[in-house]
Amino acid sequence: MLGLLGQQGSDFAHKVDYAHDVVTIISVICTVAIVGVMLYFAVIYRQRDGKDHETPRIEGNNTLEIIWTVFPTLVCIWVAWLGYDSFIDLRTPPANAMEINVTGRKWAWDFTYKNGKKTTGELVVPVDEPVKLVMTAKDVLHSFFVPVMRTKADVIPGRYTYEWFRPVQTGDFQVFCTEYCGNEHSKMLARLKVLPKAEFERWLADDSEARKLASLKPSDRGKELYVSKQCVTCHSLDGTPRVGPSWLKIFGKEGKLADGSTYKADENYIRESILQPQAKVVQGFPAMGMPSYQGQLSDDDITGIIEFMKTLDGTQKVEVAPALPKKSAASTVGMTPAERGKALFNDSGNMCATCHSIDGSALVGPSFKGLYGRKEKIADGTEVTVDDAYIKESIYKPTAKIVQGYAPAMPAMYEGKLSDQDVADITEYIKTLK
Ligand code: CUA
């Protein structure tokens, strides 16, 4: 009705919204009516000519009293029924629900599937299938809240709680911790990814990357991640500066930070720089240049990267195989240009989504929402219109015309990686994001 709670992602969301809307509407009507009558009486019975009005003596009115007793009672019973009815839905997972174990800890969410697959910060589920989350916490109270599914439950150490939902559409949705659990509580987020059934089955069966990584020695694991997590885009291995510092001889390096203080690149400094890149930025590098890898790298991954850095001491030349561009020509057949552009945008190998939102929120780069056709001031003060030519130039030569207020953080890696057709498709996609 009112749409106050946003998109409805689960099959019981409409019931929750209905109960919420009914209570909201009744409350608004009652507030307006009561305050209105109160103001009206206050005005007409105000003291006039220095004389008070004498209140007439009223003995009572049985008809009125019956009406204002019976009618609100019926409304209350109705509201209670609405709440009870949707509560039963929320608390009764179907017997065939797929179970996923959820562990809350300061300050991340871990998910474990029946086949042993584990993720952190990302809950992947199939569309149209009931999913039951069996939840517990390692340390303190947390609460798992999926607004789009209209469900949340406390997550408690030493006890199991559960919640369930059946997603009705695919997409990426936000998960929050809604129990204040310490100083990083507000960052205790996760992403819910609802996939088509077949795609989910493929994803669930594919633990090849995790297995491969687990079998490697730490420094080789770090080397793999250097490529697969796109560190390579901004950090060279041969001493050439890119957006970020080169990793050559980086371990143990000392230098100055942007604020003038000094740093030493030991294990803790590197760990912090991966998880909170903005905390201690080295002088001469863009402050907002690097996105946080919180939730994307496990502790073992970070140890691996540090061990890999330790091998880059300049005594031997280290080569890595370039990341293979993931081309899936077959799957783009029959898609419109805008759909192909969307697929390119979401392709993790292209990393657009790392720095550009589609909902207007500011990340490292400008949001794509409402971008097309906008007039922007660039760093030298001239004005540009965001049209096809400007977008193409900005993708191929990101530092050519940087809009005021943004860091030169975008890597020049797309020329040769994205074809003219790809760029045109991405432009079409941007046009749809009004
Ligand atoms: Cu966990 Cu708040």
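The values are calculated or read from the model by the stated rules, or taken from the named source; none is laboratory data. If you're wondering where the values come from, they're calculated on a predicted model, not measured in any experiment. Glycine also receives a Cβ, built like all others from the backbone with ideal geometry; neighbour counts cover every protein chain displayed. Heads up: the accessible areas ignore ligands, DNA and RNA and are worked out on the full protein's heavy atoms, side chains in. Shrake-Rupley method; radii C 1.70, N 1.55, O 1.52, S 1.80 Å.
For the stretch 337-432, averaging the sequence separation of C-alpha pairs within contact (under 8 Å, six or more residues apart) and dividing by the residue count gives a relative contact order of 36 percent. Fully extending the segment from residue 118 to residue 377 would add 88.7 nm, taking 0.36 nm per residue of separation and subtracting the current Cα-Cα distance. Counting heavy atoms of the protein chains alone, residue 185 has an accessible area of about 40 Å² for a 1.4 Å probe.
Taking all protein chains in place and a 1.4 Å probe, what share, in percent, of the accessible surface of the stretch 129-248 do carbon and sulfur account for? Don't jump to the answer; show the numbers that get you there.
Numbers: 3110 of 5860 Å².
On the stretch 129-248, the fraction of accessible area on carbon and sulfur atoms equals 53 percent.
Accessible area per residue (1.4 Å probe, heavy atoms of protein chains only) ranks 292, 394 as 292, 394, with the largest value leading.
Set the Förster radius R0 to 41 Å, insert the Cβ-Cβ distance between residue 203 and residue 385 as r into 1/(1 + (r/R0)^6), and round the FRET efficiency to 0.05.
Values: r = 41 Å, r/R0 = 0.99.
Efficiency, from the Cβ-Cβ distance: 0.50.
Distance between the C-alpha centres of the stretch 370-434 and the stretch 101-133: 36 Å, rounded to the whole angstrom. In this structure, the pairs whose alpha-carbon distance is over 22 Å, taken from 132/193; 397/431; 369/417; 117/212; 223/256; 377/397, are 369/417; 223/256. Please report the antiparallel percentage of DSSP beta bridges with both residues in the chain, rounded to the nearest 5. Taking every DSSP beta bridge within the chain, about 70 percent pair in antiparallel fashion. Which shape class, rounded, prolate or oblate, goes with the stretch 129-224 when its Cα gyration tensor gives a ≥ b ≥ c as root eigenvalues, a/c under 1.5 marks rounded, and past that a/b bigger than b/c marks prolate? It is oblate, given that a/c is not under 1.5 and a/b is not larger than b/c. Listed by chain and number, the aspartates and glutamates placed with their C-alpha closer than 13 angstrom to that of residue 434 are 359; residues fewer than eight positions away on the same chain are left out.
Below 8 Å between Cα atoms, with a sequence gap of 6+, how large is the relative contact order for the chain in percent? Don't jump to the answer; show the numbers that get you there.
Values: 683 pairs, mean separation 45.9, N = 434.
After rounding, I find 11 percent.
Once backbone amide H atoms are built at 1.01 Å from N, residue 143 has 155, 178, 179 as its partners under 5 Å, excluding neighbours fewer than 5 places away on the same chain.
Please give the per residue accessible area of the chain, computed with a probe of 1.4 Å over protein heavy atoms only, in Å².
On the way: 25310 Å² over 434 residues.
Counting only protein heavy atoms, the per-residue value for the chain is 58 Å².
Taking trypsin sites (Lys or Arg not before Pro) across the stretch 327-417, the ones in a DSSP loop with at most 13 further Cβ atoms lying within 10 angstrom of their Cβ are 327, 374, 417. Here the simple spin-label model places points 7 Å from the Cα toward Cβ, and for residue 64 and residue 242 these points are separated by 7.9 nm. Between residue 319 and residue 2, the FRET efficiency from the beta-carbon distance, with R0 = 60 Å, is close to 0.50. The modelled label-to-label distance between residue 215 and residue 71, using points 7 Å beyond Cα along the C-beta direction, is 7.5 nm. The antiparallel fraction among DSSP beta bridges confined to the stretch 98-206 stands at about 65%.
For residue 81 and residue 363, FRET efficiency with R0 = 51 Å and r from the beta-carbon atoms, rounded to 0.05?
Values: r = 45 Å, r/R0 = 0.88.
With R0 = 51 Å, the Cβ-Cβ based efficiency is 0.70.
Tell me, what % of the accessible area of the stretch 390-434 is carbon and sulfur with a 1.4 angstrom probe?
Numbers: 1220 of 2270 Å².
Solvent-exposed carbon and sulfur of the stretch 390-434 make up 54 percent of the total.
Approximating the spin labels as points 7 Å out from Cα along Cα→Cβ, the residue 141-to-residue 95 distance works out to 3.5 nm. Per-residue ellipticity at 222 nm from helix content only, as computed over the chain with -39500 (n - 2.57) for each DSSP H run of at least four residues, stands at -11000 deg cm²/dmol. Taking the charge dipole of the chain about its Cα centre, with +1 at Lys and Arg Cβ atoms and -1 at Asp and Glu Cβ atoms, the residue from 230, 315, 135 reaching farthest to the positive side is 315.
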